[in-house]
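One structure is given here, and the rest of the page talks about it.
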Amino acid sequence: GVTRLLLTRIPFFKEIIVSSFSCPSCSWSNTEIQAAGRIQEQGVRYTLAVTSRQDMNREVVKTDCASVRIPELDFEVPAFSQKGVLTTIEGIIDRAVAGLEQDQPARRATDKEVARKIDEFIGKLRQLKEVSSPFTFILDDPSGNSFVENPRAPQRDEALLVTHYRRSPQQCALLGLQGEEVDAKPPDAAEDLRDEVLQFNTNCPECNAPASTNMKLVQIPHFKEVIIMATNCDSCGHRTNEVKSGGAIEVQGTRITLRITDPSDMTRDILKSETCSVEIPELEFELGMGALGGKFTTLEGLLKDIRDLVEKNPFTLGDSSTASRTGKLQEFIGKLQDVKGKAQAHFIMDDPAGNSYLQNVYAPEEDPELSVQRYERTFEQNEELGLNDMRTEGYEAEPASGR
C-alpha cells in the first residue's frame with residue numbers, strides 16, 4: 001500500500017503530521033497523527049461539558065500518550081493504548097465502541113456474563129452520542145500536544161476548561177524523560193535570555209561589509225539590567241562595542257561622585273549611558289553627554305577612552321593643531337595619567353536619565369568615598385531626553401469632529 005504524509009496546522013493550536021495508509025488489494029485504510037513539535041514544557045488537561053450534538057462534532061487531536069475519561073460512565077481509554085488520531089468527540093466514542101465489539105463473538109462463546117456486561121456498556125456509550133443527558137469529556141496529555149477545538153476561538157469557551165500542569169515523575173518516565181530534573185523550576189524566559197548571546201546581521205560602520213553584532217543581557221549587581229552589543233568586522237578588522245540601558249528612564253536624575261584616593265579605584269566597574277556626562281574638577285575637564293556613547297568598562301578603561309579621544313583628534317594633537325593648544329593638551333594628558341596612578345581627584349558622573357552606575361566595592365554597605373545624589377530634572381534636561389512631549393496617559397487620539 002501507500003502511506004501519505006501531510007504537515008498541516010490546526011488553527012489556534014500547532015503543526016501536526018497526518019499520515020494516511022490505504023491498500024488497493026483489500027481496501028483497508030488507516031489514519032494516524034503525530035505532533036510535529038517537541039514535547040511541551042507542561043502537560044495539558046481539557047475538560048469539556050458536552051451538552052449538545054454540536055459538541056460531539058468538535059475536532060480533537062489525541063496523541064499516543066493521551067488518555068480519555070468520561071467520569072459519568074467510569075470509562076477510560078488509557079495512554080498508549082491507541083495510536084494518535086485527528087477526529088471528533090463522536091469519533092473517539094465510535095473508536096471505543098469498535099474496540100470493545102472486536103472480541104465480543106469470542107467472549108459470547110467463552111464467557112456469556114462478561115459479554116453481556118460489555119454489550120450493556122456499549123449501549124451506554126452509544127446513548128452518549130445522542131446527548132440525552134450532559135456528560136463530561138476529559139482529555140489528559142502529559143506531553144502537552146493534544147487539543148480540543150474551541151469553536152468560539154479566539155473568544156473564551158465557557159464549556160471548555162484548559163489546565164496546564166507539571167508532569168509527575170511517572171509521567172516523565174512514560175515519555176522517556178527520566179533524565180529530566182523533576183524538582184527543577186520551570187525555565188524563566190528572562191533567565192534564558194541572560195544566558196544566551198543573540199546575534200544578528202548588520203553592516204560594518206567603517207567598510208560597509210557584512211558583519212555580525214552580538215548582543216547579551218547582563219545583570220549588574222545592586223543595579224539593573226543592561227544590554228551589551230559588540231560588532232566585529234572580519235573584512236577590515238574594525239571592532240566596536242556599545243551599552244544600552246535595559247530599563248526605563250528613572251523618575252529622578254543621578255549624580256555620582258567618587259573621590260579617587262587609591263590606584264585600586266581604577267578597577268571599579270562603570271556603566272556610562274549615552275545620556276551621562278563626566279567631570280573631573282581638578283583637571284577642569286568635562287565630557288558632555290553623547291560623547292563616547294554608552295560604555296560598560298572600568299574607571300581606568302574610561303580614562304583611557306578619554307585619552308584616546310583627545311589624542312586621535314587631528315585638530316588637537318595632529319597636523320592641524322596649534323603649538324599653544326598642543327602644549328595644553330599634553331599637560332592635560334600628563335595630569336590624566338597621574339590620576340590613574342597617584343594623584344587624588346574627584347570623578348563625577350551626571351546622568352539625567354538615572355541609568356549610569358559606578359561600582360560600590362563595599363556593597364551592600366555604604367562606600368565612604370562614593371556619594372550618589374538624586375535630583376529633579378530641569379525643563380531643559382527633560383527637553384533633551386524628549387520627555388516634555390511624551391504622553392503616557394490619555395494619549396488616545398480624540399475622535400475627529402465632523403465637518
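The rows are residues; the columns are (1) modelled with pLDDT under 85; (2) assigned to a strand (DSSP E or B); (3) farther than 24 Å from residue 137 by Cα.
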{"residue": "3", "(1), (2), (3)": "no, yes, yes"}
{"residue": "13", "(1), (2), (3)": "yes, no, no"}
{"residue": "20", "(1), (2), (3)": "no, yes, yes"}
{"residue": "24", "(1), (2), (3)": "no, no, yes"}
{"residue": "33", "(1), (2), (3)": "yes, yes, no"}
{"residue": "39", "(1), (2), (3)": "yes, no, no"}
{"residue": "45", "(1), (2), (3)": "no, yes, no"}
> Are any residues in the range 24-42 among the small types (Gly, Ala, Ser) and either buried (at least 18 other Cβ atoms within 10 Å of the Cβ) or in contact (Cβ under 8 Å) with a residue 40 or more places away in the chain (or both), and if so, which ones?
Replying inline: 35, 37
>> If I go through the range 78-126 residue by residue, how many of them are open to solvent by 80 Å² or more (accessible area, probe 1.4 Å), closer than 28 Å to residue 20 by Cα and in contact (Cβ under 8 Å) with a residue 40 or more places away in the chain?
In response: 2
> Considering only strands (runs of 3 or more DSSP E) fully contained in the range 147-237, which possess at least 2 residues that are over 21 Å from residue 79 (Cβ atoms) and modelled with pLDDT of 85 or more?
Replying inline: 198-203, 210-219, 225-232
> of a type in the set (Ser, Thr, Tyr), in contact with a helix residue (DSSP H, G or I) (Cβ under 8 Å, 6 or more places away or on another chain) and either closer than 18 Å to residue 128 by Cβ or modelled with pLDDT under 90 (or both): does that describe residue 87?
Replying inline: yes
> Hey, which of the strands (runs of 3 or more DSSP E) in the range 47-106, taking only ones fully inside, have at least 1 residues that are of a type in the set (S, T, N, Q)?
Replying inline: 67-70, 85-88
> Restricting attention to the range 132-146, which residues are at pLDDT 90 or above and buried (at least 16 other Cβ atoms within 10 Å of the Cβ)?
Replying inline: 135, 137, 138, 139, 140, 141, 142
> Of the residues 103, 119, 157, which is in contact with a strand residue (DSSP E or B) (Cβ under 9 Å, 6 or more places away or on another chain) and charged (D, E, K, R)?
Replying inline: 157
> From 45, 53, 58, which residue is touching a residue at least 24 places away in the same chain (Cβ under 8 Å), touching a helix residue (DSSP H, G or I) at 6+ places or on another chain (Cβ under 6 Å) and either of a type outside the set (Gly, Ala, Ser) or surrounded by 15 or more Cβ atoms within 10 Å (Cβ to Cβ) (or both)?
Replying inline: 58
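The values are calculated or read from the model by the stated rules, or taken from the named source; none is laboratory data. From a predicted model like this one, the values you see are computed outputs, not experimental measurements. Note that each Cβ is placed from the backbone with ideal geometry, even for glycine, and that neighbours are counted across all protein chains shown. Only protein heavy atoms, including side chains, enter the accessible area calculation; ligands, DNA and RNA are left aside. Shrake-Rupley method; radii C 1.70, N 1.55, O 1.52, S 1.80 Å.
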